[in-house]
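Enquirer: Sharing a structure below in structure tokens format, with a few things to ask.
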Amino acid sequence: MDILVCVTRVPDTAENEIEVSKDGTDIERGALVYSINEADNYAVEEAIQIKERVGGSVTVVTVGTEESEEVLRREMAMGADKGILLTDDAFAGTDGRGIATILKAEVEKGKYDLILTGALADAGAGEVGGMLAAMLDRPYASLVNSIEIVDESTLKVGREVEGGNTEMNRIKLPCVLSIQTGINEPRYVGIRGIRQVASVQIPVHGAGDLGLKAEAIAPRVQRQDYFVPTFGAGAEMLEGSNEEIIEKLVEMLKAKGGLK
Amino acid sequence: MATLLVDKRDQMFILKEMLDIDALCRFPKYASHTGYPMVLTEAHKFANVELHPATAEGDRQGCTYDPKTRAVTFPDCFKGPYRKLLDGGWLAMCDSPEVGGDGFPLTVGTAVSEVFYAGCFYLYGAAELTHAAAKVIETYGSDEQKRIYMKRLFAGEWQGTMCLTEPQAGSDVGAVQTVARPNADGSYNIVGTKIFITAGEHDLTDNFVHMVLARIEGDPAGTRGLSLFIVPKFTPDAAGNPGARNDVYCTGIEHKMGLHGLVTCTMAFGDSNGCTGYLLGERGKGMPEMFHMMNEQRLLVGVEGLSFSSNAFLHAVDYTQNRFQGGSVYPDRDRNAPVAIINHPDVKRMLLTMKAYVEGGRALAYFTSYCIDQAGVTEGEESGRWHGLVELLTPIVKAYNTDKSWEITALAIQCAGGYGYCSDYPFERLARDCKVTTLFEGTNGIQAIDLMFRKLLGNKLVNFRTLTGKMDRTIAEAGRIESLAGYAATVRRAKEELEATVEGLAALAGSEQGLDLYAKTAPFLDLMGDVTLAWLHLWQLTIAEPKLMEAVGAKGKGEREAILAKNKNAAFYYGKVMAGQFYIGTLLKNSFGKFERLRAEENPVIDMFEKSFVA
């Protein structure tokens, strides 16, 4: 099965303290440490596991800047066979629909049985997978937490639904799935993989290569403001050592009837 | 703060900006190793997610010994991380692809080792011993021994150990009493007892390959009569699979101050007269062969010390940022509002001291590894000079970094006050665990003797002058940067005093007072470590200072702090500059008193009588 996994490079929340920029339309990006979007990493692991079971190939693709190459290389070190970087000045500032449009153009240059995306990326919209499927007119399932290969043309996929329950679906290939974290345990990148991909040439495709015109990817949604909510009334920060905080909390819970 | 193990930004500073590993990667030998930043990123991820969570539990649970079965059990939580460590191929990352390795520069490997030791000293410590055993077989083993043992050891499938110490043969290795008697088939019957054997028995690997120093019956006394033997726990069959049980058993484990998660065994060889060993390399050459293993380990033990210091320092920064006590003494702050204790000058002093030793010690360890890499890509005299620096610096990396780890973990406890003394925080564990690094693989006293007599005087100061030549170039370069000229002058003074001291010691060696040298070895190693760190800090200042100026210029305190609060890179360079200036401008001043001490002509140490210590 030939699988394309759409990945993106995001600020690593474990490595950075994220702050809203002065103008409120972005976060402070100076000296941020970036890494692969967590859900995308699960999608790549799932693709590698499918390849290990039934053969085929795994290609990772990203829309980004030159720096985004590092996440492609990382996922290739993990086990993906090939990476494709989609970058162009015209792509800067595009929205979710624009990214889906760019990915669609790349998908149509190849022949993929299965396209995977992460369920969510840093902005949290979770829109690219669904939009891409609609643009390609392919079946789509979101928040996928299990994949079973039924036969050459059919998958059985579980979806995470409300209350921790799972919904099971049959879906025809070729299709698009957005992968939920927790579907598997992503493997660590080993030293051998890193060396093997260090000098691999990664193809770069721009708007011209993909036959895209600027208006097709111009953003239709523009972010106006990011802000940190102000403290509401009634919130109380407990201070002191852990023991003091626990003692105060227990007293408060008792006073409010939460503990007897 | 991102991680509390090792500061990755500082590691990258040393690798990329100071040592220019990218240039090293232009040599054909390392041409496919440009991915080293990813190596470091993934090493941090693995250490934080897999290794570090096992450490506190490993310390609490400890290793257990069952006298009935003579089996040793590692803490349960080790099995998963150990398997994943092997799966990642990390152990042989700097070894030749011909033996299953990936051939990365050792400098990068040293950076990874620091991270893994900080993650879980117990697990990685055991694994690195295996790697050292594999290296000895790679260097001295027969084709058959390489086929049977080497790749399995490089892959970490079997555990390798170093068996030198005996009850009566510690630092005096020549007193080894373990005997090897030739068998008809060319193997040897080994009989003896070894103590303090790290990872001598446990349940993480299917087989053990003990590297045993023993004396073939009839061979001369002392170290010249020692040979090295491979003693497997299960003797491999022709295909290399573990076969018959050999007569080597663990007869007990030590109960130690720390290191509870890494077992220390007493090993009995041939209690039933059925222990078979196989000669490795040449008869009577056991010591130089074992030292091949030992030298790698000594460098790594220095990195172990560094990893404890780094871990303690970063946890201390984290703790002091989150502990609010007392008002600020700074006049522009509210004196009545509690502040994080990291703002109190005395706490800052402790943290800056720790930072200066950690970052200086890191530069020392990485530079020494870099010398090994350079020796491997250069030829003739140039290669010899790099190798000479490795010889000279190895005992300093080992002893100085580990001595400092004991001081730094103590400072970290102090930063956390009473909580630092409690097991809710990692400080007391780090202090307990780090102490052993001053003791094993040759005590720090042995390192100081090695430095004085073999590496300095035995080398007629040739390697020492190579080092001071490098110091001179850095001093000259720093002298050309106006803001660093004063620091360059201080380092020059320290270097010149060091040179004069060394010349004095060399003269002493041939005089009636030659005995005094033995009392001065450890203070001298300490002093040489001080001056070497001063040079490395000055080198780092020549890189960091211009970059800081680029970011903040000559702005006043308020504006500068506003920039540092927003710009992580600028804050990093500011920290580098402060640490370098504090080390050279303040801490190094202690060294000038130490020079006085070394020059002192009276020497009660030599004259002291053993019955006069106690009334």
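Enquirer: Mean separation of Cα pairs under 8 Å and 6+ residues apart, divided by the residue count of chain B: what relative contact order is that in percent?
Expert: Numbers: 1047 pairs, mean separation 73.3, N = 615.
It comes to 12 percent, rounded to a whole number.
Enquirer: Note the angle between two axes, namely the Cα long axis of helix A:38-54 and the longest principal axis of the Cα atoms of chain A, as a number of degrees from 0 to 90, rounded to the nearest 10.
Expert: 40 degrees
Enquirer: Here's a follow-up. I want to check the label-to-label distance for B:TYR518 and B:ASN273. Put each point 7 Å from Cα in the C-beta direction and report it in nm to one decimal.
Expert: Simple spin-label model gives 4.2 nm for this pair.
Enquirer: May I pose another question? Efficiency by 1/(1 + (r/R0)^6): what FRET value for B:MET549 and A:ALA31, r their Cβ-Cβ distance, R0 = 25 Å, to the nearest 0.05?
Expert: Working: r = 17 Å, r/R0 = 0.69.
Computed FRET efficiency for B:MET549 and A:ALA31: 0.90.
Enquirer: Report the charge-dipole magnitude of region B:432-472 in Debye, nearest 20, computed about the Cα centre from +1 at each Lys and Arg Cβ and -1 at each Asp and Glu Cβ.
Expert: Numbers: 7 positive and 4 negative charges, 24 e Å.
My answer is approximately 120 debye.
Enquirer: Among B:PRO182, B:TYR425, B:PHE74, whose Cα lies farthest out toward the positive end of the dipole of the protein assembly as shown, if unit charges sit on the beta carbon of Lys, Arg (+1) and Asp, Glu (-1)?
Expert: Going by the charge dipole, the pick is B:PRO182.
Enquirer: Let me ask something else about it. Mind running the shape call on region B:389-518? Use the C-alpha gyration tensor, a ≥ b ≥ c as the square roots of the eigenvalues: rounded below 1.5 for a/c, prolate if a/b tops b/c, oblate otherwise.
Expert: Numbers: a/c = 2.66, a/b = 1.38, b/c = 1.93.
Oblate.
Enquirer: So who's got an amide H within less than 5 Å of the one on B:GLY160, skipping anything under 5 residues away but keeping other chains? H placed 1.01 Å off N, in plane.
Expert: Counting only residues 5 or more places away or on other chains, the set is B:THR130, B:VAL209.
Enquirer: Could you tally the net charge around A:GLY190, taking each other residue with its Cβ under 11 Å from the Cβ of A:GLY190, Lys/Arg +1 and Asp/Glu -1?
Expert: Numbers: positive: A:ARG187, A:ARG192, A:ARG195, B:LYS84; negative: B:GLU42, B:ASP87, B:ASP102.
Net of charged neighbours comes to +1.
Enquirer: If I model a spin label as a point 7 Å beyond the Cα along the Cα-Cβ vector, how far apart are those points for A:LYS109 and B:ARG60 in nm?
Expert: Inter-label distance under the simple model: 5.3 nm.
Enquirer: By how many degrees, between 0 and 90 and to the nearest 10, does the Cα long axis of helix A:96-107 differ from the longest principal axis of chain A?
Expert: So the inclination is approximately 30 degrees.
Enquirer: Enumerate the amide H contacts of B:LEU259 below 5 Å, restricted to partners 5 or more residues apart or on another chain; note that Pro and chain-start residues carry no placed amide H.
Expert: Long-range HN contacts for B:LEU259: B:ASP433.
Enquirer: To continue, here is another question. In chain A, with Lys and Arg counted as +1 and Asp and Glu as -1 at Cβ, which of these residues, A:TYR34, A:SER153, A:LEU86, has the Cα nearest the positive end of the dipole, that is, farthest along it?
Expert: The residue sitting farthest along the positive end of the dipole is A:SER153.
Enquirer: Another one. Considering the options B:VAL531, A:GLY129, B:ASN273, tell which one lies farthest towards the positive end of the dipole of the protein assembly as shown, charges being +1 on Lys and Arg and -1 on Asp and Glu at the Cβ, about the Cα centre.
Expert: The residue sitting most towards the positive pole is B:VAL531.
Enquirer: Right, next: With no solvent and one equal point scatterer placed on each C-alpha of the protein assembly as shown, evaluate the Debye formula and give log10 I(q)/I(0) for q = 0.07 Å⁻¹, two decimals.
Expert: The Debye formula, applied to the Cα set alone, gives -0.65.
Enquirer: Using alpha-carbon positions, what is the distance between the centroids of region B:410-451 and region B:95-134, in Å?
Expert: When both Cα centres are located, 22 Å separates them.
Enquirer: Any idea how many Lys pairs in chain A come in under 16 angstrom at the alpha carbon, given 8 or more places apart or on separate chains?
Expert: Qualifying lysine pairs in chain A: 9.
Enquirer: Using a/c under 1.5 as the rounded threshold, could you call region B:73-215 rounded, prolate or oblate? The axes a ≥ b ≥ c are square roots of the C-alpha gyration tensor eigenvalues, and prolate needs a/b larger than b/c, oblate otherwise.
Expert: Working: a/c = 1.85, a/b = 1.44, b/c = 1.28.
Prolate is the answer for region B:73-215, as a/c is 1.5 or above and a/b outweighs b/c.
Enquirer: Further, regarding this structure: Based on DSSP H runs of at least 4 residues, each adding -39500 (n - 2.57), what is the mean residue ellipticity at 222 nm of the protein assembly as shown after dividing by all its residues, to the nearest 500 deg cm²/dmol?
Expert: Numbers: 29 runs with 398 residues, N = 875.
Estimated from H runs of four or more residues: -14500 deg cm²/dmol.
Enquirer: Check each of the trypsin sites (Lys or Arg not before Pro) in region B:538-615 and keep only those in coil by DSSP with at most 16 other C-beta atoms within 10 angstrom; list them in order. Walk me through the numbers on the way to the answer.
Expert: Working: sites: B:LYS547, B:LYS555, B:LYS557, B:ARG560, B:LYS566, B:LYS568, B:LYS576, B:LYS589, B:LYS594, B:ARG597, B:ARG599, B:LYS611; in loops: B:LYS555.
Answer in residue order: B:LYS555.
Enquirer: Report, in whole Å, the centroid distance computed from the Cα atoms of region A:189-240 and region A:119-159.
Expert: 20 Å
Enquirer: In debye to the nearest 20, how big a dipole does chain A give about its Cα centre with +1 on each Lys and Arg Cβ and -1 on each Asp and Glu Cβ? If you can, show how the numbers build up before the last one.
Expert: Working: 27 positive and 44 negative charges, 168 e Å.
So the magnitude is around 800 debye.
Enquirer: Per residue of B:34-42, what is the mean number of Cβ atoms on other protein chains within 10 angstrom of that residue's Cβ? Working shown, then result.
Expert: Working: counts 4, 13, 3, 2, 11, 6, 0, 8, 9.
Other-chain Cβ atoms within 10 Å of each residue's Cβ, averaged: 6.
Enquirer: Which ³J(HN,Hα) values in Hz, rounded to whole numbers, follow from the phi angles of region B:154-168 under the Karplus curve 6.51 cos²θ - 1.76 cosθ + 1.60, where θ = phi - 60° and Gly and Pro get x?
Expert: Karplus values, whole Hz, x for Gly and Pro: 4, 7, x, 5, 10, 8, x, 9, 10, 10, 10, 5, 10, x, 9.
Enquirer: Give me the distance between the Cα centres of region B:547-579 and region B:257-333, rounded to whole Å.
Expert: 36 Å
Enquirer: Another question, then. Roughly what % of Cα-Cα distances in chain A sit above 22 Å, to the whole percent?
Expert: Details: 20500 of 33670 pairs.
When all Cα pairs of chain A are counted, 61 percent exceed 22 Å.
Enquirer: Any idea how far apart B:PHE27 and B:ASP203 come out in nm if each label point goes 7 Å out from Cα toward Cβ?
Expert: In this crude spin-label approximation the distance works out to 4.5 nm.
Enquirer: Run the numbers on region A:2-217 and let me know its relative contact order in percent, using alpha-carbon pairs under 8 Å that are six or more apart. Provide the component values of the computation, followed by the final result.
Expert: On the way: 442 pairs, mean separation 55.0, N = 216.
Relative contact order comes out at 25 percent.
Enquirer: Can you give the FRET efficiency to the nearest 0.05 for B:LYS16 and B:LYS460, using r as the Cβ-Cβ distance and R₀ = 35 Å? Please report the intermediate quantities before stating the final value.
Expert: Values: r = 36 Å, r/R0 = 1.03.
So, using R0 = 35 Å, E works out to roughly 0.45.
Enquirer: I'd like the Karplus ³J(HN,Hα) series for region A:176-190: coefficients 6.51, -1.76, 1.60, θ = phi - 60°, whole numbers in Hz, and an x wherever there's a Gly or Pro.
Expert: Running phi through 6.51 cos²θ - 1.76 cosθ + 1.60 with θ = phi - 60° gives 10, 10, 9, 9, 8, 5, x, 5, 7, 10, x, 6, 7, 7, x Hz.
Enquirer: Follow-up. With axes computed from alpha carbons, what is the tilt in degrees of helix A:242-255 against the longest principal axis of chain A, rounded to the nearest 10 within 0 to 90?
Expert: 70 degrees
Enquirer: Collect residues whose amide H, placed 1.01 Å from N in the peptide plane, falls under 5 Å from the amide H of B:LEU226; neighbours closer than 5 in sequence don't count.
Expert: Distant-sequence amide H within range of B:LEU226: B:GLY286, B:MET287.
Enquirer: Determine, from the Cβ-Cβ distance of B:ARG599 and A:ASN242 and an R0 of 41 Å, the FRET efficiency 1/(1 + (r/R0)^6), rounded to the nearest 0.05.
Expert: Details: r = 52 Å, r/R0 = 1.27.
Efficiency, rounded to the nearest 0.05: 0.20.
Enquirer: Would you work out the charge dipole size for region B:379-514 about its Cα centre, treating the Cβ of every Lys and Arg as +1 and the Cβ of every Asp and Glu as -1, and quote it to the nearest 20 debye? List each step's numbers first, then the result.
Expert: Details: 16 positive and 19 negative charges, 8 e Å.
Result for region B:379-514 is approximately 40 debye, rounded to the nearest 20.
Enquirer: How about region A:164-234: which chymotrypsin sites (Phe, Trp or Tyr not before Pro) there lie in a loop by DSSP and see at most 16 other Cβ atoms within 10 Å?
Expert: On the way: sites: A:TYR188, A:TYR226, A:PHE227, A:PHE231; in loops: A:TYR188, A:TYR226, A:PHE227, A:PHE231.
Answer in residue order: A:TYR226, A:PHE227, A:PHE231.
Enquirer: Work out how much length B:SER511 to B:SER423 would gain on full extension: take 0.36 nm times their residue separation and subtract the Cα-Cα distance, in nm to one decimal.
Expert: Values: separation 88, 0.36 × 88 = 31.68 nm, distance 5.26 nm.
In short, 26.4 nm is gained.
Enquirer: How much length is gained if the chain between B:ARG181 and B:ARG473 is pulled fully straight, taking 0.36 nm per residue apart and subtracting their Cα-Cα distance, in nm to one decimal? Intermediate results must be reported in sequence, preceding the final value.
Expert: Values: separation 292, 0.36 × 292 = 105.12 nm, distance 5.59 nm.
The B:ARG181-B:ARG473 span can extend by a further 99.5 nm.
Enquirer: Using 0.36 nm times the number of residues separating B:SER96 and B:VAL614, minus their current alpha carbon distance, what extension gain do you get?
Expert: Working: separation 518, 0.36 × 518 = 186.48 nm, distance 5.63 nm.
Working it through step by step, the gained length comes to 180.9 nm.
Enquirer: Another one. Past 21 Å, Cα to Cα, is the threshold; run B:LYS8/B:LYS547; B:LYS16/B:LYS348; B:LYS16/B:LYS135; B:LYS398/B:LYS568; B:LYS355/B:LYS520 against it and keep the listed order.
Expert: Details: B:LYS8/B:LYS547 18 Å; B:LYS16/B:LYS348 28 Å; B:LYS16/B:LYS135 28 Å; B:LYS398/B:LYS568 32 Å; B:LYS355/B:LYS520 28 Å.
Too far apart for the 21 Å limit: B:LYS16/B:LYS348; B:LYS16/B:LYS135; B:LYS398/B:LYS568; B:LYS355/B:LYS520.
Each reported figure results from applying straightforward, stated rules to the coordinates on display, with no laboratory input. A quick note: this is a predicted structure, and the numbers were derived from the prediction, not measured. Please note: Cβ atoms are built from the backbone with ideal geometry, for glycine as well, and neighbour counts cover all protein chains shown.
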